[in-house]
Amino acid sequence: MCSSSCPLTESPVVYIWYKNTEFLYQDSSPWYQELISSEESVTYSCAVRGYEHLRAPEVSLASLTSACFTVTYAKGRMCSNQQRPEDEPCSITYPREVHVQKTEADQHFKLACNTSCPQTEAQTITWYRNRRLEPAPQPVPISSPHSYSCAVKHLLSDEVCIQDEYCFTVNYVNRRICALQGSSVNISSEYSHPYYQQSKSKLWYKNRRSDMAAGEELIKNTDRIKFHGLMNRHILTINKLMKSDSAEYIFRIGSDAGKWSALPGVTLVVTGRAGSDV
């Protein structure tokens, strides 16, 4: 993901991506939209259009496992907690999953934000209560109607209810999916609601970020797009994928009490073509 240390006021913001210092593509989504090489000799960088002279330090993928991935930065300033010389490369290991752990004790729950990767560098943890920023939670009463989630860097955990029967949650099975053009994909959401408030609507939205079309679009059932419901899971299936299907997909449930969704949604990246060399 390409991010800036300052708020960006341009509209739309356009991000430029480079591979081995050469221009690759530009897009209004900050997420990298192509397949990433596992070769450490392949480097990536980005910049914001209009500020190309402030290109981000080059980065490469050093290792990848089911629990962690390690990236190497060309400039030591990207690893501020390691106190490395600014012009020397440095590496940081990140988790691939984050989750909230509930531990019951004395009519309260203690909450912890755990990652899939024990080798992860010390990272700042951000907490949310009912999808709003929250200081690190103290022990939470066992009768609390609230939901909690946490994040490490840009990696967000699923939302967890203190009492499952009293609150709404919307989560995704995978938040980032890469698929080949011409293939099919299932985008799955899991949800819960209070036992006394049934959901009245279940809708998927496509959030487009290109220069030509931006904003949310309600997704409708077509020959190529289908919906499936199973217990507390709702699945959006897209067949014969096209490049234009690359977008963020958001699921919302509605009731008499309002609407609930999980943001950010699922980022789908469509690349290459099924049956071709990639």
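The values are calculated or read from the model by the stated rules, or taken from the named source; none is laboratory data. Worth saying up front: this structure is predicted, and the values here are computed from it rather than measured. A quick note on method: Cβ atoms are made from the backbone with ideal geometry, for glycine too, and the neighbour counts reach across all protein chains shown. We work out accessible area using only protein heavy atoms, side chains counted, and drop any ligands, DNA or RNA first. Shrake-Rupley method; radii C 1.70, N 1.55, O 1.52, S 1.80 Å.
On a per residue basis, the chain carries 57 Å² of accessible surface, using protein heavy atoms and a 1.4 Å probe. Extending 7 Å from the Cα toward the beta-carbon at both residue 271 and residue 116 defines two label points whose distance is 1.8 nm.
Where does the longest stretch of the chain lie that holds no chymotrypsin sites (Phe, Trp or Tyr not before Pro) found in a DSSP loop with 10 or fewer other Cβ atoms within 10 Å? Longest run free of exposed loop sites: 1-194.
Taking all C-alpha pairs of segment 83-181, those more than 25 Å from each other amount to 31 percent. When only alpha carbons of segment 115-156 are considered, Rg and Dmax amount to 11.9, 35 Å. Per-residue surface analysis assigns residue 77 an accessible area of about 130 Å², computed on protein heavy atoms at 1.4 Å probe radius. Normalised by the number of residues in segment 155-200, the average gap of Cα pairs under 8 Å and 6 or more apart makes the relative contact order 42 percent. I need the trypsin sites (Lys or Arg not before Pro) found in segment 138-228, filtered to DSSP loop residues with at most 13 other beta carbons within 10 Å of theirs. Qualifying residues, ordered by number: 200, 220, 224. Our estimate of slack between residue 196 and residue 153, defined as 0.36 nm per intervening residue step minus the Cα-Cα distance, is 11.9 nm. State the percentage of accessible surface on the chain attributable to carbon and sulfur atoms; use a 1.4 Å probe and exclude ligands, DNA and RNA. Carbon with sulfur: 50 percent of the solvent-accessible area.
Remark on segment 133-187: Rg and Dmax equal 15.7, 50 Å (Cα only). Determine the relative contact order of segment 1-158: mean sequence separation of Cα pairs under 8 Å and six or more apart, normalised by residue count, in whole percent. RCO, segment 1-158: 14 percent.
For a paramagnetic label modelled on residue 175 (point 7 Å from Cα along Cα→Cβ), amide N atoms under 12 Å away belong, within segment 112-155, to 126-128, 149-155. Each Lys and Arg Cβ is given +1 and each Asp and Glu Cβ -1; about its Cα centre, segment 103-151 then shows a dipole of about 200 debye. Taken about its Cα centre, segment 109-221 carries a charge dipole of roughly 260 debye when the Cβ of each Lys and Arg holds +1 and the Cβ of each Asp and Glu holds -1.
Total lysine pairs in the chain at Cα distances under 16 Å, for residues eight or more apart or on different chains: 10. Within segment 1-72, the GluC sites (Glu not before Pro) that combine a DSSP coil assignment with at most 11 other C-beta atoms in a 10 angstrom radius are 10, 39.
Remark: segment 172-254 carries a charge dipole of roughly 100 debye about the Cα centre, counting +1 on each Lys and Arg Cβ and -1 on each Asp and Glu Cβ.
With q set to 0.09, 0.10, 0.12 Å⁻¹, the log10 of I(q)/I(0) for the chain, from the Debye formula over equal scatterers at the Cα positions, is -0.51, -0.63, -0.91.
For segment 141-158, backbone phi angles converted through the Karplus equation (6.51, -1.76, 1.60; θ = phi - 60°) give residue-by-residue couplings of x, 5, 8, 4, x, 8, 10, 9, 8, 9, 9, 10, 6, 9, 9, 9, 7, 5 Hz, Gly and Pro being listed as x.
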